[in-house]
């Protein structure tokens, strides 16, 4: 998790007794105790809630510029994908007919990786 990747927090945690960090009955015990001191009670006692990036919305509203470039025949064919069904998913998504955000994000990530690393199955380049 991003907040737990803070270098200063990591250095402090190295000096803390492990029982305060890992406890069989409660996770993140030390963080919870500090939160009780520093944060309002309604925040500390609030139920856990997740955060989901609005990828489907970004794709639909063309907020992710590489999508326009990567969802074309050439990049898709270079990784061995048939572009026709992928472009169909893309068109359905941006037109609002369906939400294919998660599937398209996975494909976009793969195509972007392949493009950055000059990966091309058609030419036997790995």
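Rule-based calculations on the coordinates, nothing more; no lab input. Bear in mind that the values here come from a model prediction, so they are computed numbers and not experimental data. All Cβ positions, glycine included, derive from the backbone under ideal geometry; neighbour counts span all protein chains shown.
Ranked by Cβ crowding within 10 angstrom, fewest neighbours first, how are 88, 15 ordered? Working shown, then result.
On the way: 88 12, 15 6.
So the residues, fewest neighbours to most, are 15, 88.
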Which one, 61, 33, 14, has the greatest fluctuation when you compute a Gaussian network model over the chain with C-alpha springs under 10 angstrom?
14
Over what distance in Å are the Cα centres of region 81-104 and region 5-27 separated?
43 Å
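More than 26 Å apart: what percent of Cα pairs in the chain qualify? Kindly include the intermediate steps, with their values, before the conclusion.
Working: 3938 of 7875 pairs.
When all Cα pairs of the chain are counted, 50 percent exceed 26 Å.
Output the direction-averaged projected area (hull surface divided by four) of the convex hull of the alpha-carbon atoms of region 2-44, in nm².
Details: hull surface 14.2 nm².
Hull-based average projected area comes out at 3.6 nm².
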Give me the angle, in degrees from 0 to 90, between the Cα long axis of helix 83-95 and the longest principal axis of the Cα atoms of the chain, rounded to the nearest 10.
60 degrees
On a 0 to 90 degree scale, rounded to 10, what angle separates helix 101-116 from the longest Cα axis of the chain?
80 degrees
Tilt of helix 29-38 relative to the longest C-alpha principal axis of the chain, in degrees (0 to 90, nearest 10)?
80 degrees
